[in-house]
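Working notes for the structure below.
Read-outs throughout are calculated quantities, based only on the coordinates presented, and are distinct from any laboratory measurement. Note that the structure is predicted; figures quoted are calculated from it, not measured. For neighbour counting, all protein chains shown are included, and Cβ atoms are generated from backbone atoms with ideal geometry for every residue, glycine included.
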Ligand code: FES
Ligand code: FES
């Protein structure tokens, strides 16, 4: 019984980090012990100025009491273990992690949450500075900043950073949060109007170079239309949904990297009072279609028929630590957690393999009967490849030939909102409240997997706390919640913990990249050969490709990339799926070639970079040379770059690095519906959910521009398959281009109708819809950019500090400079994290992940985020909505390469394995090797 009584306390103490313990320990000593199990204690606390009396269980945390029992859902849970700060509230005026406080400890004390800050100047500055992107971390940032301002009314940027350093923002809006706090202290510009939309002030926006004509609404800094909701705690995320009679679900996960399940006995769990349903492989045979897709192709009925590596909601054998084994629905989350401990599972452990290169060796453990090389969409076990010319001829024609190996690690999307799903059946219609970047895709997936018509599924996502690629399709959590809800006859909320999200969803695939490059002595490329290996985990959820070779003009190219099954967490989409890791490899390799030829890397890039796609097809517009030349000038490249790498005397060494990118910006199908009523009010229906990039606002701006009305005259309707048409999912940086194009088409149609019929009268409305599927003929549409980084490396401690960062981007026409710069800064900061910190480390003896979570995986914090400068070079190729191109992913893809090249320039030793940790730098400078 004791185990049951303190299950969540045990969780906090057992799985929390040193940070948690440090935060909680003084309070533990000061507080009374929990009372007997099953009893409730009456506590009285003052919440946002009002006295509240609650009957609480000893095991309830403060955040649980606030959210579930008082209804203050503005306080969020990002980790539930003291690592992220999303749950920060003020307790007697001091900031605390409310997930690390028991509710009984708040007895007699004053709690302030984001809801108690209404119309605070700090919130207004957050809106004005576009600090919230997805908004999931915003309440926590606000409360930490509020505590600072209470004691330090005019903080410096460093003080703001220090106060919020325990508040992670995975969208990486760190610069803007700090700016907003400093501005609140300075009350810069006087009092601001607290409004959601309209033109922003002429604050220090990113530098913008434009030779294209100005528009009326587009291109002006505009606050997000939902900024107030995201800043006041009013935005409703999937985890905030509460339904009458709702049950809570938890998942039992495999402790083994590879094992056959011999027996599952759930009888004791089912006998526990409050348990309503238990599902496992024995009574649930639902196939999770999007969880394993042959060849990384889009999962569809055809693939479903031929795939040999089908993935179920519950699989036997289990193939990685964290794979679902069973799930429970019970009257509350504590009972569900207790029930998991009562499920007896007999496993027969099987041999496992973690490393993709090891997995292809003869005698390696076989994860699937057909072998560990993942098959393509035709079920052929062959690598992915590209070929142009003949590399043997190219190497023969070269003056110098270089070979090297680069590698990258598994990094997790780590979006702030962990996976959560609420599933409810009304007769035969299923409603799923889930964080998804594509409500329409998710509906299709759910219907296919459950074998019901799409019209019998409604998917709702009002707000979501980040995506970065792991919320595009349905997830197994959605299916498990739906099946439990069906079996239990009640709505079910399934919440994943931060650790489960890390190991149970997916992250970026780790790679090993072997390059061979031939050049003339003047640096002209002759041949590039790449042999690569990608670790996909035991299911193929994406391509596993390694991009980057296509960035170069070169007559002879050959790539062969093996997507390999391993017994690790699954790999799939993450902000530019195959790009950041590939760009790191090839652009480190080329930077090294330039160094060995004694060439300035900027000159080498300008000589060899792509000017036509695949060296053959012209781009619709081209600005890569301008990005590099303008960037080099603004960055003062010649001054910062060391012609002799590592030549600074003393232990503190500086150096500069550069990288560049070209990234897809193609057109494609999406749809939109626009309605106007007799009062001239417009409603723009789009199936977007706004993962944090500002899609709702962008769709509004596009509609307003085309309709010729102010943004305030229209409403955007989003995130609900029963109210919105199909729109392309918010992945692949497609929303602005594709759904925006549909909005333009629908607006044109509506304008035509109004011109012909006049505005409607009475209760009538006019409706226009568009479902265009434009294509680019004979050309390739791409976005371009270049990143310049200066670092300072402490050669004794291995510490790297980014001292200057400049990102230059051509993303076509900039729709909204305010949100555009947030996107670029966020991606660049995330790339710095990938370059220097992030890794999911495994225990090679047990096959268990060791660092699943924000703290262990070393996700970037306020302290790690430098000031990012942004230059936009605008262009309009006449395609897309008003010339807009892609943006969301493009800022991350060149970042790790630029940072790594800067580290080389500073220390004179090439770091070939990401992340470039302190330990690796110290070892490299000492001439030792650190095992990847
Ligand atoms: S620190 Fe409490 S939810 Fe992350
Ligand atoms: S705005 Fe901070 S996590 Fe999204």
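Assorted remarks:
- Eigen-decomposition of the gyration tensor built on the alpha-carbon atoms of the range 271-413 gives equivalent ellipsoid semi-axes of 43, 19, 15 angstrom, largest listed first.
- Computed on the range 498-578, the Cα convex hull volume stands at 96 Å³ per residue.
- Considering the range 623-707, its Cα convex hull presents a mean projected area of 10.2 nm².
- Contact order normalised by residue count of the chain, Cα under 8 Å, 6+ apart, percent: 14
- Computed over the Cα atoms of the range 620-671, pair by distinct pair, the Kirkwood hydrodynamic radius stands at 14.2 angstrom.
- Among 76-88, 46-58, 904-916, the order from most to least packed when residues are scored by Cβ within 10 Å on average: 76-88, 904-916, 46-58
- Rounded if a/c under 1.5, otherwise prolate or oblate - the range 34-114, Cα gyration tensor axes: oblate
- The calculated FRET efficiency for the pair residue 260 and residue 452, based on their C-beta separation and a Förster distance of 41 Å, comes to about 0.85.
- Ranked by how many other beta carbons lie within 10 Å on average, peptides 263-271, 519-527 from highest: 519-527, 263-271
- For the range 823-867, alpha-carbon Rg relative to the globular expectation (2.2 N^0.38 Å, N residues): 1.35
- Cα centroid separation, the range 483-530 to the range 251-287: 28 Å.
- Highest-first arrangement of 439-446, 313-320, where packing means the average Cβ count within 10 Å: 439-446, 313-320
- Relative contact order computed over the range 794-932 (Cα-Cα under 8 Å; 6+ residues apart), in percent: 38
- The calculated pair-distance distribution of the range 821-924 uses every alpha carbon pair, bins of 5 angstrom beginning at 0, and gives 2, 11, 16, 19, 17, 13, 9, 6, 4, 2, 1, 0 percent.
- Counting beta carbons within 10 Å around each of 617, 307, 761 and listing the fewest first gives the order 761, 617, 307.
- Residues 809, 256 in ascending order of nearby Cβ atoms (within 10 Å, fewest first): 256, 809.
- Euclidean distance of C-alpha centroids, the range 106-170 and the range 599-656, integer Å: 39
- Beta-bridge orientation, the chain: approximately 75 percent antiparallel, per DSSP, counting only bridges with both partners inside.
- Residues 436, 559 arranged by fewest to most Cβ contacts within 10 Å: 559, 436
- Distance between the range 412-439 and the range 65-103 - C-alpha centres, whole angstrom: 23
- Cα gyration tensor shape of the range 434-508, rounded if a/c is under 1.5, else prolate or oblate by comparing a/b with b/c: oblate
- For the chain: rounded, prolate or oblate by the Cα gyration tensor [a/c cutoff 1.5]: rounded
- Rounded D (µm²/s) - the range 703-817, Kirkwood Rh over Cα pairs, Stokes-Einstein at 10 °C, 1.306 mPa s: 86
- Per-selection Kirkwood Rh - the range 301-349 (Cα, Å, 1 d.p.): 13.4
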